[in-house]
There are 4 protein chains.
Amino acid sequence: MIAGPCAVESEEQIEVIARTISQLGVGLLRGGAYKPRTSPYSFQGLKEPGLKLMRNVADRYSLGVVTEVMDLSLLETVYPYADILQVGSRNMKNYHFLKELGKTRKPILLKRGMDATVEEWLLAAEYLLLGGNEQVILCERGIRTFDDSTRNTLDTVAIALAKELSHLPVLADPSQATGNRDLIKPASMSAVASGADGLMIEVHDHPEKALSDGPQSLYLDQFEEMLPDLARIVNAMGRTSNWKQEAEVLDI
Amino acid sequence: MIAGPCAVESEEQIEVIARTISQLGVGLLRGGAYKPRTSPYSFQGLKEPGLKLMRNVADRYSLGVVTEVMDLSLLETVYPYADILQVGSRNMKNYHFLKELGKTRKPILLKRGMDATVEEWLLAAEYLLLGGNEQVILCERGIRTFDDSTRNTLDTVAIALAKELSHLPVLADPSQATGNRDLIKPASMSAVASGADGLMIEVHDHPEKALSDGPQSLYLDQFEEMLPDLARIVNAMGRTSNWKQEAEVLDI
Amino acid sequence: MIAGPCAVESEEQIEVIARTISQLGVGLLRGGAYKPRTSPYSFQGLKEPGLKLMRNVADRYSLGVVTEVMDLSLLETVYPYADILQVGSRNMKNYHFLKELGKTRKPILLKRGMDATVEEWLLAAEYLLLGGNEQVILCERGIRTFDDSTRNTLDTVAIALAKELSHLPVLADPSQATGNRDLIKPASMSAVASGADGLMIEVHDHPEKALSDGPQSLYLDQFEEMLPDLARIVNAMGRTSNWKQEAEVLDI
Amino acid sequence: MIAGPCAVESEEQIEVIARTISQLGVGLLRGGAYKPRTSPYSFQGLKEPGLKLMRNVADRYSLGVVTEVMDLSLLETVYPYADILQVGSRNMKNYHFLKELGKTRKPILLKRGMDATVEEWLLAAEYLLLGGNEQVILCERGIRTFDDSTRNTLDTVAIALAKELSHLPVLADPSQATGNRDLIKPASMSAVASGADGLMIEVHDHPEKALSDGPQSLYLDQFEEMLPDLARIVNAMGRTSNWKQEAEVLDI
């Protein structure tokens, strides 16, 4: 289980969120410092100071840090602060970037492109694996379809298919997929029942004031409330609902 | 739980399937007698003799019958044989048909069009409800997207959304959605964890010889084997895994 | 060239439109009397009285009538009023309907389903041809994609492909495709340059008061103004821009 | 008009192609030296030696060079060889890359992402413009839809819309859009009739032996044969069919 805000916004924000998820037994903190935004006029992230803030609070609460590397030229800056390097969906087909990233030795979370077939997603992972990095984690985050009822369409069957066709762990990101906090709980349960090995969920202490993607961030108490129901599905799948387990497996 | 072949093909076929699903505790038998096929040169169904065969074996095993009404002109023929009238995805936007069908008094299973938004699906249900038929059951069966890894993309979040926006029961059809028998189990579990009230699954005694949609039909023993795992998810959702329950609720 | 309102709304409306398009040299009048609307609460058409109004003004100005048959049960009513029977995109996969319609002997305009591949579209035409009706006209009207910049995405290359794979004439409907009157002119020119044999365009004397699809209807003077530019493309394709030609070829 | 092979493969290949297009009056030569390929096991391009080959033959025939910058880390290498820097569709949402590229002072050809709305495409251009580079050229290259009749779906109406919403020139790439050399001619004509300011077309001396994208490359004589028909559409749009014009406007 990975939880945290879309973007690091302030020391207070990341501190409150980190403390809360830590108390709930979550082992990995997510947060963006460089944000890929559709419009150049939107909030673009706090950059390196944001990474520092996140690293500090993560250490205080013994959390691992998951954060996106938006471009090869930012790798050196981001690398020391991150425990898991995230490749965003917009970069899944950026093959030169993937080749270079594959030479690093930290776990990589590879999001599925919103226009990528399952085969293209697995071939993108192959670019990372060829560089010698074997700690590749796939993450389904919804694909783009004609239906705008939700931000994207969560493709839960793709999770099962990716697990059948590869040996890699597969997570789901129900926040990006739905874009709607009221649908994050069923989306999460649905992903787990399709075989997902973990979830990455956006939470925020004040989603209504978030500088990016507020509507898809859970309130901290909403997050807490969904965990028992989620745990029942996790257990029905024959897994233990120890939310830190993943971080331990990855040896962070 | 609704199970049965894509199409009724012979007395022996439907007898074996009906007996097996009945023994497994399933209460509703599906089977097509008029098949909407993309090509006019494909098998088009046994028509009324097929309906007779299905009705006979269903009565023998105390099963309800779910079958498609392909056109208004076939309603009179199909009506006496069916317990639930199915509207196929190709007909979901056939509004004149829906208006007339809404005047009948048998439960109607309304499949989501493969190009329909959730709002359009609910408005199609409205056409049925306006006719005075209040026994409308929605059925998510996958939407058409760019990804051809599976036949369609099962939209499990749409199940949760349809339940939030309406009071109607929502089923899922993992066979049509995936087109691949190896993915029916995770698709079924995923749909249930998203809140689906039931499933409609294609099973066949000899899928490799099926006259239509063989690749997406479960072998009878595959179907039997998936039920215990499925039951665990059903129970984790706080529901009882009595597969006949739905038929009873609908008073068939 | 086929022109006319989305729906027949009143004698005055259809009279003004018919007179204008006739003066501009157009030979075929379109207009819906039974409208397939997403919501049951939207205007559903004037029904048979609308057909009568349209037939009367069409005769007054020597125009052919193109109108949709929404359901088999309406065929007998619509048949005497129409010169070309239109199958709407929502009905393109309604195979029982197509089979029966193929037994008639009036030209049929088969719209492409908004979720249909080119192959599925041609196989739907095959259902009509098998019934013995050889006057099948295809009509591309845009497909449903992730991009909502326009109502649908006009697939001009599909026009060229359909002409390569079959011997049938292919029209385009730029009004349905774009949903935006400001884009109808480039869409029309683009379709013709891809090989379209004709166009079906929605025009209205007062689009802002139209009971359906006003935003995609051209003002009558807009329609008149686009014809010279369109004629230049038609001529560049080696065809004559006599807008009545099509009606004559079809012997109406 | 921009023409050339998908990828530079050898001195002989690029020499023959450059000579031919130059004789036909084309002013810009395209060719990839770094190729973004879905599979890491596919041909990845000749890299800098390929750029040198292309620059040499371009100079011999007074052609401008259009080539892709796949990653920021390759900008310094590619820059001296190129007259127009191409941003591939996979990079259209790579915002950090766009920001940096906007600081250069050579014209930039920005391909539309295969999953990008028109608004997202224009906002991506805004990232380039904000850097101070005002020579941004848009290029529609087909979007990803459910229909696999063609490689992508050429969205000709998007060309008209992009021109309406911005002041930037818009090209079309019918090769990437269709993936089928037999459809390049109608696709090209359709794009021009929708208002495209230019075309980028893949040609090859031996498409059947091409190391990438052979099926969508025109034979050199096919290319020559389509020019007169294309010129008629260009002229009908009130433009001159001097294929070098574009290069001159861009002052290369």
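The values are calculated or read from the model by the stated rules, or taken from the named source; none is laboratory data. All of these numbers come straight from a predicted model, not from anything done at the bench. Neighbour counts run over all protein chains shown; Cβ positions are idealised from the backbone, glycine included.
Summary of computed values
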quantity	calculated
Some residue of region C:96-108 being out of contact with any Pro (no Cβ under 7 Å at 6 or more places or on another chain), in contact (Cβ under 8 Å) with a residue 60 or more places away in the chain and of a type in the set (A, V, I, L, M, F, W, C)	no
Matching residues, region B:86-95, being under 17 Å from the mean Cα position of the chain (by Cα) and part of a helix (DSSP H, G or I)	B:SER89, B:ARG90, B:ASN91
Selection within region D:134-152 - of a type in the set (Gly, Ala, Ser) and either in contact with a strand residue (DSSP E or B) (Cβ under 8 Å, 6 or more places away or on another chain) or more than 7 Å from every other protein chain (Cβ to nearest Cβ) (or both)	D:GLY142
Meets criteria (over 15 Å from the mean Cα position of the chain (by Cα), within 8 Å of another protein chain (Cβ to nearest Cβ) and under 26 Å from D:ARG239 (Cβ atoms)) for D:ASP155	yes
When residues of region C:101-125 are limited to those that are farther than 28 Å from B:PHE146 by Cα and over 13 Å from the mean Cα position of the chain (by Cα), the one surrounded by the most Cβ atoms within 10 Å (Cβ to Cβ)	C:LEU101
Which numbered condition B:ASP148 misses (of (1) at pLDDT below 95; (2) of a type in the set (D, E, K, R); (3) within 24 Å of B:GLN13 (Cα to Cα))	(3)
Subset of region D:34-85 [outside any helix (DSSP H, G or I), out of contact with any strand residue (DSSP E or B) (no Cβ under 6 Å at 6 or more places or on another chain), within 14 Å of chain A (Cβ to nearest Cβ) and aliphatic (A, V, I, L, M)]	D:MET70
The one condition in (1) out of contact with any strand residue (DSSP E or B) (no Cβ under 8 Å at 6 or more places or on another chain); (2) on the phi < 0 side of the Ramachandran plot that B:GLY179 fails to fulfil	(2)
Pairs where the first residue, in region C:1-15, is within 14 Å of C:PRO207 (Cα to Cα) and the second is charged (D, E, K, R) and in a loop (DSSP other than H, G, I, E, B), C-beta under 7 Å, 6+ apart	C:CYS6/C:ASP213; C:ALA7/C:LYS35; C:GLN13/C:ASP205
Residue count, region B:54-64 (criterion: surrounded by fewer than 20 Cβ atoms within 10 Å (Cβ to Cβ) and either more than 20 Å from B:GLU15 (Cα to Cα) or among the hydrophobic types (A, V, I, L, M, F, W, C) (or both))	0
One residue from C:GLU202, C:GLU208 being away from chain D (no Cβ under 14 Å) and in contact with a Pro (Cβ under 8 Å, 6 or more places away or on another chain)	C:GLU202
Matching residues, region D:164-186, being in contact with a Lys or Arg (Cβ under 9 Å, 6 or more places away or on another chain), among the β-branched types (Val, Ile, Thr) and more than 7 Å from chain C (Cβ to nearest Cβ)	D:VAL170
Any hit, region A:175-186, residues being hydrophobic (A, V, I, L, M, F, W, C) and touching a Gly at 6+ places or on another chain (Cβ under 9 Å)	yes
Filter result (over 19 Å from C:LEU161 (Cα atoms) and more than 14 Å from the chain's Cα centre (by Cα)) within region D:180-212	D:GLY195, D:HIS204, D:ASP205, D:HIS206, D:PRO207, D:GLU208, D:LYS209, D:ALA210, D:LEU211, D:SER212
Index of the failed condition, D:ALA116 passing every other in (1) within 10 Å of chain A (Cβ to nearest Cβ); (2) hydrophobic (A, V, I, L, M, F, W, C); (3) touching a residue at least 40 places away in the same chain (Cβ under 8 Å); (4) not in a helix (DSSP H, G or I)	(3)
Only listed residue being more than 17 Å from the chain's Cα centre (by Cα), assigned to a helix (DSSP H, G or I) and more than 10 Å from chain B (Cβ to nearest Cβ), chosen from C:LEU98, C:LEU161, C:LEU128	C:LEU161
Of the criteria (1) more than 7 Å from chain B (Cβ to nearest Cβ); (2) in a helix (DSSP H, G or I); (3) surrounded by 20 or more Cβ atoms within 10 Å (Cβ to Cβ); (4) not acidic (Asp, Glu), which one A:MET189 fails	(1)
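Each row is one residue, and each column tells you yes or no for (1) under 30 Å from C:LEU183 (Cα atoms); (2) crowded, with 24+ Cβ neighbours inside 10 Å; (3) among the hydroxyl-bearing types (Ser, Thr, Tyr).
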| position | (1), (2), (3) |
| --- | --- |
| C:PRO40 | yes, no, no |
| C:VAL66 | yes, yes, no |
| C:MET70 | yes, yes, no |
| C:ASN94 | no, yes, no |
| C:GLU140 | yes, yes, no |
| C:ILE143 | yes, yes, no |
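Listed here are the residues, each with its yes/no results for (1) under 20 Å from A:ALA172 (Cα atoms); (2) out of contact with any Asp or Glu (no Cβ under 9 Å at 6 or more places or on another chain).
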position	(1), (2)
A:GLU15	no, yes
A:GLY32	yes, no
A:THR38	no, no
A:VAL65	yes, no
A:LYS93	yes, no
